[in-house]
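What follows is one structure encoded as structure tokens, with my remarks underneath.
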Amino acid sequence: MKKVTALLCALALNQGPALAADLIRKSPQILPPPAPPAWAGFHVGLNGGYTWANSPDIRISSFPWPAPSPLVTPQGPAPRADRFAFDATGTIIGARSGGFIGGGQLGYDALLTPQILAGVEADFQGVLGATGSAFISNATTQLHPTSRLDYLGTVRARLGYLLTPAFLLYATGGAAYGGASSSMSIFQPGEGAIGGVGTGASSTTRFGWTAGAGGEWMVWPNWSVKAEYLYYDLGSAGSSFVATSGGFDPLYPLDPYYYTTVYQFSYLSAKTQAHYSGNIVRAGVNYHFNWNPPLLSKL
């Protein structure tokens, strides 16, 4: 009996470590929780999309200069050139202008609470093809005014809410600036070789405001994609010029003196003005630097 008891004890002592090791192998492995998305800190990225003008209409104002005194030639007073037929003020309805827009952005965000994010973002983009134009032609006058946005930049604040740890919904608004260009040409046929002609152009940097909203999704550690809409308003700008109307009478080609003085010239001052406001729909990608400070609410 003593021998049997000793044998059983030896077997139990021999199997104990194996049973313990087996239990350890079969126990579930506990992994550390994943790191939260790195929303706080600096980010940099690229964007691209489409922009179109809110109001493509171009306002034109013009008035003729006072007629000069009659020019006396050896054959008598020279007739004055035809006055410009277009000497009124009005608005030309232009074609709605649209074009592609693309550039980059740089920003900084801070977490106010686990769900609320506040930050600032600046961007700059070039504009391709966003030209508004119109062409008016009748028996006496041809007008061709244009307006164009060459580039656009913004400096905006944004306030967002994290619907999930990886998806941000935000509103944004702030200052905007852009390059506004305009041009104008006018032509009126004359009785002689020269009719009424004139051109003018200008380019200036305009300042205004912008506002919009968007969403951003953290698709990979430190990488996010976004889509947003912005409305901008840069105010009005235009160009001015002086057009000349005159001609030479083809009935007197053999008399050089009379040929050069048969008509007196008349002049027209004209000015165009367009309002630079519009809409932007764009998408972008951001890289968020791996720097996640404590919540500001805990400081």
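Throughout, read-outs are computed from the coordinates displayed, never taken from laboratory work. What you see is a predicted model; the values in this text were computed from it and never measured. So basically every Cβ, Gly included, is an ideal-geometry build from the backbone, and we count neighbours across all protein chains shown.
Site pair Leu128 and Trp220 shows an inter-label distance of 2.5 nm when each label is modelled 7 Å from Cα along Cα→Cβ.
For the pair Ala166 and Trp209, what calculated FRET efficiency results from E = 1/(1 + (r/R0)^6), where r is the Cβ-Cβ distance and R0 = 30 Å, to the nearest 0.05?
Calculated value: 0.45.
The simple Förster model, with R0 at 22 Å and r as the Cβ-Cβ distance, assigns Ser240 and Tyr50 a FRET efficiency of 0.10. 3J(HN,Hα) couplings calculated from phi for region 111-118 with the Karplus curve 6.51 cos²θ - 1.76 cosθ + 1.60 (θ = phi - 60°) are, in sequence order, 8, 7, 9, x, 10, 9, 10, 10 Hz; Gly and Pro show x.
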